[in-house]
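We did not get these values from a lab; they are worked out from the coordinates using the rules stated. Fair warning: this is a prediction, and the values are worked out from it, not measured in the lab. Using ideal geometry, Cβ is built from the backbone for each residue, glycine included, and neighbour counts are taken over all protein chains shown.
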Amino acid sequence: MGQPFHVAIIMDGNGRWAKARGLPRAAGHKAGVEALQATVRAAPDLGVKWLTVYAFSSENWSRPQSEVSDLMGLLKLFVRRDLAELHRAGVRVRILGAREGLEPDISSLLAEAEALTAANTRLNLNIAFNYGGRDEIVRAARKLAQSVRDGDIEPSDITAETFSGVLDTACMPDPDLVIRTSGEMRLSNFLLWQSAYSELVFLPCFWPDFSTARFVEALKTFSERDRRFGGRTAKGLAS
Ligand code: IPE
Ligand code: IPE
Ligand code: MG
C-alpha cells in the first residue's frame, strides 16, 4: 500500500512529557506546538496532502481554568505567529469544531486564518479545536432535521453521503491513517464518523517527542497494512 493521503493526529502526552522533566504542564503544551510546527513542515515532502490535528477537544473545557487559558493562548500564538509562514508554504488552514461559544478574538483569528489561506493547495491543515466527534454528528443531524422541516429534503434523502456533506469535514477525504501519541489507545471523541476505515497507529512517545523520523516510521507501518474495507481486495487475498 502506498502513502496515506490524509493523516490525522491525536497530539497527546504534553502533560506527561512536562511532568517527566519536572516542568509545568504549560511547558509541555509549548513543546507540543513546536512538534506541530515541525510536523506541518515535514508533511508535504512525505506525500501527505491532508493533515488533521486534534488540538482541543470539546471535553478539554473540563480542565482547570488556568490550563484552558494556557491552551487558548498557545492557539492564538500559533495562528498569529505562524500564519504568514503557513501561507507562504502553501498551507490551507481550516478549523473543525463548534464555533459557538468561543471568545470573539479566537473566532476572528480562526476566520482570518481560513480566509487568508483559502486558495492554497500544497497542504490542507485542519485544526480540530473545540472539536468532539459526537458534537459534530449531533450538529450535522440538527442541520438535516432543519432541512427536512423546511421541506428542502425528505427523510429518505438522508444517506451516508448527505450526512458526510453536513459534517465539519464536508468535501474532505476521510483520514487514511490516525496516529495517537502517548501510549493511550483510544480515540477520545476524534473523527468518529470519518475514521470508520482508518488505520490506527499508536505510538508510545509523548507528543513533544514526535519527530520527522517517527512520522516516517508511522507512515511505514501504515504502508504495511492491508486495507480491506470489508471486501476481499487486499493483496495476498483471492478477490
Ligand atoms: C495533549 O496533551 C494536549 C491536549 C489535550 C490539549 P495532554 O495535556 O492531554 O497531556 P497528558 O495526556 O495529560 O500527558
Ligand atoms: C485528546 O486527548 C484530545 C487532544 C489531544 C486535543 P485527551 O488527553 O483530552 O484525551 P483523554 O482524556 O486521555 O481521553
Ligand atoms: Mg492527554
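When both residues are 6+ apart or on different chains and their Cβ atoms are under 6 Å apart, which pairs have a first residue that lies in the range 30-51 and is at negative phi and in contact (Cβ under 8 Å) with a residue 12 or more places away in the chain, and a second that is surrounded by fewer than 18 Cβ atoms within 10 Å (Cβ to Cβ) and of a type in the set (Val, Ile, Thr)?
Note: pairs meeting the criteria are 42/212.
Please work out which residue is farthest from ligand 3 (Cβ to nearest atom), limiting yourself to the range 30-59 and to residues that are closer than 21 Å to residue 130 by Cβ and among the charged types (D, E, K, R).
30
Could you go through the range 92-110 and let me know if any residue there is in contact with a Ser or Thr (Cβ under 8 Å, 6 or more places away or on another chain), part of a helix (DSSP H, G or I) and within 14 Å of ligand 2 (Cβ to nearest atom).
no
Identify, from the list 164, 182, 198, the residue that is touching a residue at least 12 places away in the same chain (Cβ under 8 Å), of a type in the set (Ser, Thr, Tyr), crowded, with 20+ Cβ neighbours inside 10 Å and out of contact with any Gly (no Cβ under 9 Å at 6 or more places or on another chain).
Within the list 164, 182, 198, the selection yields 198.
Here's a check for you: in the range 154-190, which residue that is small (Gly, Ala, Ser) and over 23 Å from residue 93 (Cβ atoms) is farthest from ligand 2 (Cβ to nearest atom)?
156
So for the range 26-40 (the condition being in a strand (DSSP E or B) and within 21 Å of residue 187 (Cβ to Cβ)), does at least one residue qualify?
no
For the range 46-67, give me the residue count where each residue is of a type outside the set (S, T, N, Q) and within 12 Å of ligand 2 (Cβ to nearest atom).
8
Run down 51, 86, 36 and say which single residue is under 18 Å from residue 13 (Cβ atoms), buried (at least 19 other Cβ atoms within 10 Å of the Cβ) and of a type in the set (A, V, I, L, M).
36
Counting just the residues of the range 54-73 that are near ligand 1 (Cβ under 9 Å from one of its atoms) and closer than 20 Å to residue 112 by Cβ, which one comes out surrounded by the most Cβ atoms within 10 Å (Cβ to Cβ)?
Applying the filter and picking the extreme gives 55.
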